[in-house]
Each structure stands twice: as C-alpha cells, then as structure tokens.
C-alpha cells in the first residue's frame with residue numbers, strides 16, 4: 001500500500017509520518033498492493049483532525065476523526081476504518097469484483113443492534129432540473145437552505161451535485177467523461 005501524508009496548518013514531523021505510515025500499513029492486509037491511501041492531518045483551533053481516504057477497485061473507504069490529541073485521532077480513525085471494512089465487507093464484495101479485498105478480517109465483527117438495522121428509502125422526491133452554472137447552483141442552494149443541490153451543469157450538460165463542506169466551502173461532484 002502506498003501512503004500519501006499531507007498536513008494542513010501543521011508541520012508533519014518525521015516521527016508522525018513514520019507513526020501514521022506504520023499504523024495505516026496495518027490495513028494493507030485488506031487491499032491489493034497497488035492501493036493508495038491518502039492521509040490528511042489538520043489542526044483547527046484545539047482540534048486535531050485525521051482524515052484517511054482509500055480508493056480501491058470500485059469504491060472508496062473514508063474515515064475522519066477529530067479530537068484533542070493527534071495520536072488519539074490517528075488511532076480512532078484507523079479503528080473506525082477497520083470497523084467499516086468488517087461491517088460492509090459482505091455488502092461490498094457482493095457489489096464489487098471478488099478481489100477488491102485481499103484478506104479476511106482478523107477479528108469478529110462487533111455485534112451492535114444498530115448495525116443490524118436495514119436502511120430503506122422512505123421518501124422519493126422528484127423535481128425538474130434546469131441547466132445552470134455552478135454560481136447559480138450555489139445561489140439556489142443557499143436560497144433553499146439545503147446542504148446539497150442537484151443540477152444540470154450548463155457547460156457540459158452532466159448532472160452535478162453541489163454540497164456544502166464542513167469548513168464552509170463548497171464541493172462539486174461531477175461524473176467522469
């Protein structure tokens with residue numbers, strides 16, 4: 001597994017880089033060798049935020065944890081990711097190619113009553129989509145008071161999703177052509 005570590009508002013020391021690399025490498029057993037993991041370490045006020053994103057054949061596994069200590073955040077996010085892998089393993093392997101995950105989990109999944117709840121669609125909302133640019137979509141989203149907005153991008157004709165990020169900025173989800 002190739003691990004890419006970046007820092008936001010923090011100087012990533014060699015010790016911290018080695019620690020994160022060592023701990024993230026433990027997830028290596030679940031993925032093929034050519035998988036890449038992206039780790040972002042950030043400090044905002046007194047919060048130490050660790051975000052790990054692992055794109056693999058057919059999907060993405062992502063975890064983010066914020067706490068008062070960077071080392072505790074690293075441990076928590078890796079425990080969270082491993083729990084996600086174990087919890088969604090069966091569902092992911094049914095939907096993806098059989099070789100998406102490399103190894104069996106080394107521990108039994110945690111039995112939580114809420115993990116057994118099957119989620120279902122309880123409402124379908126239909127609306128017309130009109131072509132607009134991203135700035136107009138931001139305006140419409142703000143007028144509606146929503147945290148996301150689906151629109152047809154006037155520049156390429158594709159359906160895009162605009163969303164508000166935790167940091168107050170916007171993100172745009174667009175299909176690849």
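Can you find, within the range 152-170, the residue that is farthest from the chain's Cα centre (by Cα) among those that are surrounded by 12 or more Cβ atoms within 10 Å (Cβ to Cβ) and under 30 Å from residue 44 (Cβ atoms)? So the residue we want is 160. Residue 55 falls short on exactly one of the conditions (1) in a loop (DSSP other than H, G, I, E, B); (2) at pLDDT 65 or above, and that condition is (1). For the range 10-24, filtered to residues that are touching a strand residue (DSSP E or B) at 6+ places or on another chain (Cβ under 7 Å) and closer than 21 Å to residue 60 by Cα, the residue that is surrounded by the fewest Cβ atoms within 10 Å (Cβ to Cβ) is 21.
Check whether at least one residue in the range 72-87 is touching a helix residue (DSSP H, G or I) at 6+ places or on another chain (Cβ under 9 Å), modelled with pLDDT of 85 or more, over 30 Å from residue 118 (Cα atoms) and exposed (fewer than 15 other Cβ atoms within 10 Å of the Cβ), and report yes or no. No: the range 72-87 contains no residue that is touching a helix residue (DSSP H, G or I) at 6+ places or on another chain (Cβ under 9 Å), modelled with pLDDT of 85 or more, over 30 Å from residue 118 (Cα atoms) and exposed (fewer than 15 other Cβ atoms within 10 Å of the Cβ).
If only one of 59, 7, 63 is touching a residue at least 12 places away in the same chain (Cβ under 8 Å), in contact with a helix residue (DSSP H, G or I) (Cβ under 7 Å, 6 or more places away or on another chain) and surrounded by fewer than 17 Cβ atoms within 10 Å (Cβ to Cβ), which one is it? Quick ask: steps written out before the conclusion?
Details: 7 fails: in contact with a helix residue (DSSP H, G or I) (Cβ under 7 Å, 6 or more places away or on another chain); 63 fails: surrounded by fewer than 17 Cβ atoms within 10 Å (Cβ to Cβ).
None of the other options fit; the residue is 59.
The values are calculated or read from the model by the stated rules, or taken from the named source; none is laboratory data. Because the structure is predicted, anything quoted here is derived from the model rather than measured. As a convention, Cβ positions derive from the backbone with ideal geometry for all residues, glycine included, and neighbour counts pool all protein chains shown.
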